[in-house]
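Report on one structure; see the data block that follows.
The values are calculated or read from the model by the stated rules, or taken from the named source; none is laboratory data. These numbers were taken from a predicted model, which means no experiment stands behind them. A quick note on method: Cβ atoms are made from the backbone with ideal geometry, for glycine too, and the neighbour counts reach across all protein chains shown.
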Amino acid sequence: MTKHPAFRLPSRPLGRVRDGVREAHVVVVGNEKGGAGKSTVAMHLAVALMRMGKTVGAMDLDLRQRTFGRYLGNRERWCERHGLGLPRPVEIALAPSVQRDLDLAEQEETDRFSAALTDLKTQCDFVVIDAPGADTLYSRLAHSSADTIITPVNDSFIDFDLLAEIDPDTFEVGSPSLYSEMVWECRKRKAAMQKESIDWVVMRNRISMLDARNKRRVGEGLKMLSQRIGFRLAPGFAERVIYRELFPLGLTLLDLTENGSTVTFTMSHVAARQELRDLLIVLKLPGLEGQPIPF
């Protein structure tokens with residue numbers, strides 16, 4: 001891959017902590033397209049890790065929509081209404097710079113992100129960051145600081161285009177997209193500066209229950225592309241109405257058996273929990289090896 005001139009990545013590692021202090025593992029849920037289910041994945045992953053006894057920090061870098069942040073706010077209000085203490089992450093909200101000079105604005109946002117990341121990395125076992133569906137400075141900073149990147153994509157060639165071009169006649173995979181190049185540059189930069197790697201995992205999300213030729217072609221294309229640019233494939237979440245119903249409550253599939261929940265727990269939800277367990281197994285996050293999954 002060739003470096004795109006628009007990629008302005010930090011020249012130094014961000015979120016540094018003092019020597020001898022254990023650092024949290026940073027998980028970035030990101031792509032540059034909306035509607036792929038990033039916030040749903042981020043919320044369920046954060047709650048799953050807390051249900052496994054881990055402390056979790058959270059950042060929502062979509063400064064306009066703030067879906068992840070609003071999800072967490074809904075959760076806080078639900079707990080207050082019902083007098084319950086569901087597990088909640090330590091959240092830090094960032095604001096955009098108001099500087100009119102671009103260089104000053106980027107420096108201010110870089111400093112804000114680095115300070116917030118340092119704070120969360122020293123408090124928590126994991127930091128879950130929901131990146132915006134666009135190319136922003138905060139998004140590039142997060143991707144470059146990640147230990148694990150999770151990229152949810154829907155089973156369509158519209159989402160596949162996020163990762164690479166596709167030949168309309170033969171469906172052969174062509175050159176990687178700008179997003180794939182950005183992740184590639186982040187991985188090279190981290191390896192060079194910190195001698196550490198970024199594990200990139202692409203998950204097929206909102207999967208249709210029905211078999212279809214398009215679904216199979218997307219799967220074949222992702223498998224070929226994973227071998228070319230080095231990401232791992234993970235099982236995703238099926239398309240379920242329950243995810244949209246849980247958002248205003250601030251709940252996840254792991255909270256449906258709690259007191260106060262008005263959502264009837266069904267066999268469909270059991271299957272959905274299994275999808276979350278399968279994702280955790282594939283992610284191979286540090287500190288979870290051999291630990292039973294309690295849901």
For this session: Could you please let me know if Glu245 is outside any loop (DSSP other than H, G, I, E, B), in contact with a Pro (Cβ under 8 Å, 6 or more places away or on another chain) and within 16 Å of Met43 (Cα to Cα)?
Result: no
Seminar exercise, completed: Ile149: passes all of (1) in contact (Cβ under 8 Å) with a residue 40 or more places away in the chain; (2) out of contact with any strand residue (DSSP E or B) (no Cβ under 9 Å at 6 or more places or on another chain); (3) not in a helix (DSSP H, G or I); (4) not acidic (Asp, Glu) but (2)
For this session: Collect the residues in segment 64-104 that are among the aliphatic types (A, V, I, L, M) and either surrounded by fewer than 13 Cβ atoms within 10 Å (Cβ to Cβ) or free of Cβ contacts under 8 Å to residues at least 12 places away in the same chain (or both), keeping them in residue-number order.
Result: Ala95, Val98, Leu102, Leu104
For this session: With the condition kept exactly as written, say whether any residue in segment 107-120 is over 30 Å from Pro176 (Cα atoms), hydrophobic (A, V, I, L, M, F, W, C) and surrounded by 15 or more Cβ atoms within 10 Å (Cβ to Cβ).
Result: yes
For this session: Residues being touching a strand residue (DSSP E or B) at 6+ places or on another chain (Cβ under 9 Å) and in a loop (DSSP other than H, G, I, E, B): count how many of those fall in segment 24-49.
Result: 7
Exercise. How many of the residues making up segment 243-285 are of a type in the set (Gly, Ala, Ser) and under 16 Å from the mean Cα position of the chain (by Cα)?
Worked result: 0
Exercise. Which of the residues spanning segment 126-150 are of a type in the set (S, T, N, Q) and more than 23 Å from Lys195 (Cα to Cα)?
Worked result: Thr136
For this session: Can you tell me which residue within segment 1-37, out of those that are of a type in the set (Val, Ile, Thr) and more than 22 Å from Pro176 (Cβ to Cβ), is modelled with the lowest pLDDT?
Result: Val21
Exercise. Quick one: Pro286 ticks every box in (1) touching a residue at least 60 places away in the same chain (Cβ under 8 Å); (2) closer than 18 Å to Met43 by Cα bar one, so which box is it?
Worked result: (2)
Problem set entry | When residues of segment 250-274 are limited to those that are crowded, with 19+ Cβ neighbours inside 10 Å and in contact (Cβ under 8 Å) with a residue 40 or more places away in the chain, the one nearest to Thr67 (Cα to Cα) | Gly250
Seminar exercise, completed: Exactly one of Ile198, Ile158, Ile207 is modelled with pLDDT of 95 or more and either of a type outside the set (Phe, Trp, Tyr) or closer than 24 Å to Arg88 by Cα (or both), and that one is Ile198
